[in-house]
1. When region 169-189 is examined, which residues are found to be within 19 Å of Asp250 (Cβ to Cβ) and touching a helix residue (DSSP H, G or I) at 6+ places or on another chain (Cβ under 9 Å)?
2. Restricting to region 126-143, name every residue that is under 19 Å from Gly171 (Cα atoms) and either part of a loop (DSSP other than H, G, I, E, B) or in contact with a Ser or Thr (Cβ under 9 Å, 6 or more places away or on another chain) (or both).
3. May I ask you to say which residue of Ala230, Ala253, Ala234 is over 26 Å from Asp179 (Cα atoms), touching a Leu at 6+ places or on another chain (Cβ under 7 Å) and surrounded by 13 or more Cβ atoms within 10 Å (Cβ to Cβ)?
4. Suppose we filter region 80-129 for residues that are closer than 23 Å to Ala191 by Cβ and in contact with a Lys or Arg (Cβ under 9 Å, 6 or more places away or on another chain); how many remain?
5. If a residue counts only when it is among the charged types (D, E, K, R) and over 24 Å from Lys110 (Cβ atoms), which strands (runs of 3 or more DSSP E) contained entirely in region 1-70 have at least 1 such residues?
6. Kindly provide the set of residues from region 195-237 that are in contact with a strand residue (DSSP E or B) (Cβ under 8 Å, 6 or more places away or on another chain) and in a helix (DSSP H, G or I), ordered by number.
7. Taking Ile86 as the residue in question, decide whether it is assigned to a loop (DSSP other than H, G, I, E, B) and within 20 Å of the chain's Cα centre (by Cα).
8. Among the residues of region 52-73, is any on the phi < 0 side of the Ramachandran plot and in contact with a Leu (Cβ under 7 Å, 6 or more places away or on another chain)?
Amino acid sequence: MELNGISAIVTGGASGLGEATARLLAERGAKVVIADMADDKGTAVAAEIGGAFVHVDVTNTDQVIEACETAKGLGPIRALVNCAGIGWATRTIGKDGQYDSAHDLDVYRKVIEVNLVGTFNCVRIAATAMSTQEALDDNEHGAIVNTASLAAFDGQIGQAAYSSSKGGVVGMTLPVARDLSAVGVRVNTIAPGLIDTPIYGEGDFSEQFKDKLKKDVLFPKRLGYATEFASLAAELLSNSYMNGETIRLDGGARLQPK
């Protein structure tokens, strides 16, 4: 699928993996809608790449629809990359044997709601918009890339909520791809490993922490770059024979329990 001249939505596009992806898609000629809750940063990124910004909570259907309608105004909507998500780290039970110290159920629900339900919400709405566009070769209407995580496979201690949410994204990939084959929309998922994004902060402590993390990476012995995620996302969008697949992007890392 040719990216030049299409419109694309990138959730979480104001920073990190989403920002890198939005910038690369714009370089390839796509008009990108940054769908994010960070208004100032999202507006700035959109202006720099010649796209548009829409304030989007991925669990809010009306806001997701607004992003799709904005994209349609920029060009035929052909692409969605879901990068929005949240993390959390809490053990399943506490150390004192008290019920109140068990994992907060509201927190668990929140992580699932944003990372899993929010991803599906964007998929179902964007795919609906894509299905109304004129067909390309092979009756293709568009492509979707979701973001899971290495935690979907190698979840560490304290990652019950996060791993559950990302495992759900992996689990939906094939059945949703099968559903959307009827309208010529492809679905793939990237499961990134340890990627160097602003989430780790800056300074000496941050660098020491990242040095510790990369011990589980096989090769190259470093954290990944957001641009490497973006490159794979662009390939999954443009390669029309890629469908229903989850790809680990992790340098061969296999995480230990902690």
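1. Selection gives Val169, Val170, Gly171, Asn188, Thr189.
2. Ala143
3. Sole residue among the options that is over 26 Å from Asp179 (Cα atoms), touching a Leu at 6+ places or on another chain (Cβ under 7 Å) and surrounded by 13 or more Cβ atoms within 10 Å (Cβ to Cβ): Ala253.
4. Residues that pass the stated criteria total 5.
5. Because the criterion is at least 1 residues that are among the charged types (D, E, K, R) and over 24 Å from Lys110 (Cβ atoms), the strands (runs of 3 or more DSSP E) in region 1-70 that meet it are 31-36.
6. Lys210, Ala226, Glu228, Phe229, Leu232, Ala233, Leu236, Leu237, listed by residue number.
7. For Ile86, the condition - assigned to a loop (DSSP other than H, G, I, E, B) and within 20 Å of the chain's Cα centre (by Cα) - is met.
8. Looking for residues that are on the phi < 0 side of the Ramachandran plot and in contact with a Leu (Cβ under 7 Å, 6 or more places away or on another chain), one finds at least one in region 52-73, hence yes.
The values are calculated or read from the model by the stated rules, or taken from the named source; none is laboratory data. All figures in this text were calculated on a predicted structure; none of them were measured in a lab. Every residue, glycine among them, receives a Cβ derived from its backbone with ideal geometry; neighbour counts consider all protein chains shown.
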